Amino acid sequence: MAKIRQLALAAGAAVGLASCGPQGGLNLNNFDPDLRGWGGSGLDTAGAAAQAAPRPTPDQRGVISYPGYQVAIARQGDTVATIAVRLGLNAAELASYNAVNANTVLNPGAVVALPRRVAGGAPVAGAVVSSTGQVSDPFAGQGIKQPNIPPAADAAKGAAVTATTLPASSQPKQHVVASGETAWSIARKYDVSVNDLAEWNGLSSAMTLRIGQRLLIPVAGQKPTATASVTAPGVGSPTPRPPSAAQPLPAEKTAPASAAVKKPASPDLGKTRTAASGSGKFRMPVNGSIIRTYQKGKNDGIDISAAPGSTVSAAGSGTVAAITRDVDQVSIVVIRHEGNLMTVYAGLDNVTVSKGQSVSAGAALGKARSQGVVHFEVRQGFDSVDPEKYLN
């Protein structure tokens, strides 16, 4: 950037492309790694990602059953080995399927994917297990605080548990963590909130993941389903209320398709034109919309969207004061105009002018790069000014 300033001063004025520095229009230091509101382009998935419903409630064994698979939810102090004992599975197989040591203490609420379905049965009391996953204490469970089971389930304690399978529409996707992935990158991939991802999978506050870990992807917009709760044997499941009984259908009068459409009155754009709208000194250097506006000290120009390969032209007549490159070897053109004004064009390829050449307004300076953004500045002497006040 110092090189550009020196060239501009040698031409008769300071160019000072602050926008190409740490606070300028080409700044990448404040890049948003989650891409949920980047560049003012309207790309904002935060609203859609915040619509996930709570994870369904597991049964007494800690199992959630979907049509395609089952998962177990870890309780306080659980390991893969204790879950395997509780469900009658092989601890080594279950640990390998979830890429975790069988005796590693899991976070409460952590998801453990089951390699195969388990049938309904009586929940086994908490057991003390050895490193092989086998019960080694004949008095396992004594002196261990047991979960607070609701009265209806407590009355049927010891009886068989019916594994209720949730509807297919509520089945979330599973994701196997690969090398280099983070909770944020996975949440962004599936357009969900990282907080929902953490709550559904019992992740720690550090959002730590392991390679091979199986994650449930929250179902966006899903409401808690009544089938997630398990009723006592012989009681039966409650009958869901049909949607039509919740609220009566609204009285609507549908207009025929042949009816004429009322058109709103067209606005008088002439009333909204400012002085700069028709009497600006300069023209737009490239066809496109302004995607980042001028901010003194932060963005000393404007960023304009431009189709890659489109022509970048001189905003007004003048003399080419300098041609240089930024730290990324991208061409920058500076033109001096009457009235101690200078214009700066950054983000160009295939520059077609040379230093000292006289150019007229609209003369081609080069082509827009593949990034699709052209940075444009107007400077009054040493100071940057808002280019929009000079554009017609």
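For this structure, a couple of remarks:
- Applying a threshold of 31 Å to the alpha-carbon distances of Lys298/Lys355; Lys296/Lys355; Lys189/Lys262; Lys298/Lys367 flags Lys189/Lys262 as lying beyond it.
- What the Cβ-Cβ distance of Phe382 and Val261 gives, at R0 = 51 Å and to the nearest 0.05, is a FRET efficiency of 0.35.
- In this simple spin-label approximation, Gln295 and Ala361 carry label points 7 Å from Cα along the Cα→Cβ vector, and these lie 3.1 nm apart.
Where a number appears in this text, it was derived from the coordinates with a stated rule and is not lab data. Just so we're clear, the structure is a prediction, and the values are computed from it rather than from any experiment. Note that each Cβ is placed from the backbone with ideal geometry, even for glycine, and that neighbours are counted across all protein chains shown.
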